[in-house]
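Working notes for the structure below.
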Amino acid sequence: MSRLLALTVLLASTVGALAQDFPVTVEHAFGSTTLETRPERIATVGWANHEVPLALGIVPVGFARANWGDDDGDGVLPWVTARLDELGAETPALFDEGDGVDFEAVAATDPDVILAAYSGISRSEYETLSLIAPVIAYPEAAWTTTWREMIRQNAAGIGMATEGDQLIETLETRIEEAVSNHPELEGKTGMFVTHLDPRDLSTIGFYAAADQRVQFLQDLGMEMPDAVREASEDGQYSGRISAERVDLFDDVDVVVTYGDRARLDEMKQNPLIAQFPAVARDAVVLLGNDAIGTAANPTPLSMDLVLDDYLQMLSRAASQ
């Protein structure tokens, strides 16, 4: 966080020189959005989009309530709370997205722009949101935006494209420094299994090549297994492979998934799952409803906080 705070101070001192001229047009999956003037009231929907303006020193007027990894139940993840504290800001309005986008709550914040670069909004939801304010949607497909694209897309939408690029560079430097301490991960393959479900062991669900959890493993020096690459479909963030084809996973060195040891032991009672080489070796990283489990889906404010611990977990699994 200290690196990010230092970056914000730098950006604040140069914002007049770096900020984009308006109007600004941002291309996205539903066409393009043009903002005629610099937005002052920024709302966000979807996952972690609010972290981009926060990282750049701007407090949104509202964003989605956290529904995963929120230990104290206040709807705000710990790194977001820390950033709000750094900026001396109160928690803005929180939108409950348990049943989808809360259009009334978003409209109540009277936004000048709505950031949704990392989200799953449909065209109809995009059109409804556009009646409230200009919307910055995802570049290509729902839930497939990488953390870099999320920063780039959202930063462009608030007139801070150059600052967004600087933020990406800062985070990449932090990742490179952390990864340099774990050369043992270089060349290892990592597969991110969605969830271990004892009620259905006929298939193995996985996050696909387009999902940023998978791409983050590559940021951390790992490679994508052939089975994941070949089974991934364009525009899809997840997929499934029949458990009977467990031989496809012979080249998987490490499995990352959500769940606890008891759930994994239960899975290993299944004769097909037990043949999964990485599972048989216990080369598994088990993520819970906590900071690391949440930030394995990387965001601008979470990476610095959990990066070293996540790398340690991957390293231990890779040594099995």
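The values are calculated or read from the model by the stated rules, or taken from the named source; none is laboratory data. Not measured: the values here are computed from a predicted model. Don't worry about glycine lacking a Cβ; one is built from the backbone with ideal geometry, like all the others, and counts go over all protein chains shown.
What do you reckon, is I132 modelled with pLDDT of 95 or more and either part of a loop (DSSP other than H, G, I, E, B) or outside the structural domain of D102 (by the TED database) (or both)?
yes
Which condition number in (1) of a type in the set (D, E, K, R); (2) in contact with a strand residue (DSSP E or B) (Cβ under 9 Å, 6 or more places away or on another chain); (3) without any contact (Cβ under 8 Å) to a residue 24 or more places away in the chain is the one that R261 fails?
Checking R261 against (1) of a type in the set (D, E, K, R); (2) in contact with a strand residue (DSSP E or B) (Cβ under 9 Å, 6 or more places away or on another chain); (3) without any contact (Cβ under 8 Å) to a residue 24 or more places away in the chain, the one that fails is (3).
Looking at G288 and the list (1) within 17 Å of L307 (Cα to Cα); (2) at pLDDT 90 or above, which single condition is not satisfied?
All conditions pass for G288, except number (2).
Within region 135-171, track down each residue that is part of a helix (DSSP H, G or I) and among the aliphatic types (A, V, I, L, M).
Within region 135-171, M150, I151, A155, A156, A161, L167, I168, L171 qualify.
What's the number of the condition G190 fails, among (1) in the same structural domain as I273 (by the TED database); (2) without any contact (Cβ under 8 Å) to a residue 60 or more places away in the chain; (3) not polar (S, T, N, Q)?
(2)
Report yes if R199 is among the charged types (D, E, K, R) and at pLDDT 90 or above, otherwise no.
Here the answer is no, as R199 does not meet what is asked.
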